[in-house]
1. Taking the Cα centre of the range 181-287 as origin and charging only Cβ (+1 Lys, Arg; -1 Asp, Glu), how large is the dipole, in debye to the nearest 20?
2. Can you give the local net charge around residue 270? Use residues other than it whose beta-carbon is closer than 10 angstrom to its beta-carbon, Lys and Arg +1, Asp and Glu -1.
3. Take the Cα of residue 95, step 7 Å along the line toward its Cβ, and report every residue of the range 151-176 whose backbone nitrogen sits under 19 Å from that point.
4. According to the square roots a ≥ b ≥ c of the eigenvalues of the Cα gyration tensor, what is the shape class of the range 137-221, taking rounded for a/c under 1.5, prolate for a/b larger than b/c otherwise, and oblate for the remainder?
5. What does the charge dipole of the range 93-166 about its Cα centre add up to, to the nearest 20 debye, if the Cβ of each Lys and Arg holds +1 and the Cβ of each Asp and Glu holds -1?
6. May I ask for the net charge around residue 160, where only other residues with Cβ less than 15 Å from the Cβ of residue 160 are counted and Lys, Arg are +1 while Asp, Glu are -1?
Amino acid sequence: MTATVLGVVLFATSAVAWTYRDLDENIRSHDIETLLGTDRPSAAESDDPTDPHAGRPLDILLVGVDDREGENARFGGAGQTGVRSDTVILAHVAADRSRVDLVSIPRDSWVPIPSCPLPDGTWTQPTTSKFNQAFALGGATGDVSHGVACSIRTLEALTGVRVEGFVAVDFTGFIRMIDAIGGVPICIDQAIDDPDAKITLEPGHQVLDGEQALGFARARKTLGDGSDTARIGRQQQLLAATFRAVLARDVLTDTTKLYGFLDAATASLTTSSDLGSLSALAGLAFSLRGVGAEDLTFVTVPWVPRGDGANVLWAAEADALWAAIAEDRPLTDDPDPTPDSTPDAGGDTPSDRTPAPGGGSPSLGASDDESESC
């Protein structure tokens, strides 16, 4: 992540610095503190009055938003109202900023969802349903902030981990960011022909453009057992490949490339208020200047089949995972916080790049070659 710091410095001192305000105003932010209530896990205190997050772990909810309105309609399908969460990952940033753990949450997790506030002042009824139903309930009127707030209320109640902020991106925003870095080199281990995800790919090494990357991340029904848990490994593989591509192509240290990426990224993001500025995001990047690809760890919440052919229950091992996150312990310090022995409902073959459903993945190191070997 040293490249991130250099990129921010180059950008701030370049001829395009005058566009800083425009980029800053691109970001849509929402203050959701009042929506989260007061009955929440406690937050560690910071000794730095200028940075409330300094010296303590930071947990951020990353949400891929399934919005069927406007430009997004041609990717998700038109005719449905409201917004849903297509992908949810909790990013845990260690207090000493030496590592980032990314925990994928199966959207078909069968969990209790608490009552959540709605934009009109009413509240939803508590229920038990799929995890992504929390976002759908809060976002029933198309309001992303209430959708995220209900997801966070649900996750905090389940895990005891305090979520300090969120970053959400929709389909078209994801496409723009991938295109801005020149696509993502990745290894496709089997042919993909998925009309719903609007993607057709041959096996082998590929460089995916934005629309292809979105299709790869969303493809489900035509691969493996067609479950959401089976595609999580592919999503993690894509995220790791994207991070390596950014580093390999000097996106963060080349002023022109950096501007294109920042323009695409800031116009695509909806964030919590504390992350809703270019300076806040740059500050977080600066604090992570020592983190490289080898310091990223991808895991999936351990699960077992619910028995209904569609949904999953969190396995007992999930408690160890969330305890490690809450206590800011490296996941690799646990004997096996997300064991591969969790029953596999079918789908991707386990590997060090695409973990089995419910299984963990080691950190994904960067390669000298930006491409993945097949």
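FYI, it's all coordinate maths here, none of it is from the lab. This structure is a prediction, so every number in the text was calculated from the model and none was measured. Here the Cβ positions follow ideal geometry from the backbone for every residue, glycine too, while neighbour counts run over all protein chains shown.
1. 120 debye
2. Combined, the nearby Lys, Arg, Asp and Glu give 0.
3. Correct set: 160-165.
4. Because a/c hits 1.5 or more and a/b exceeds b/c, the range 137-221 counts as prolate.
5. 140 debye
6. -3
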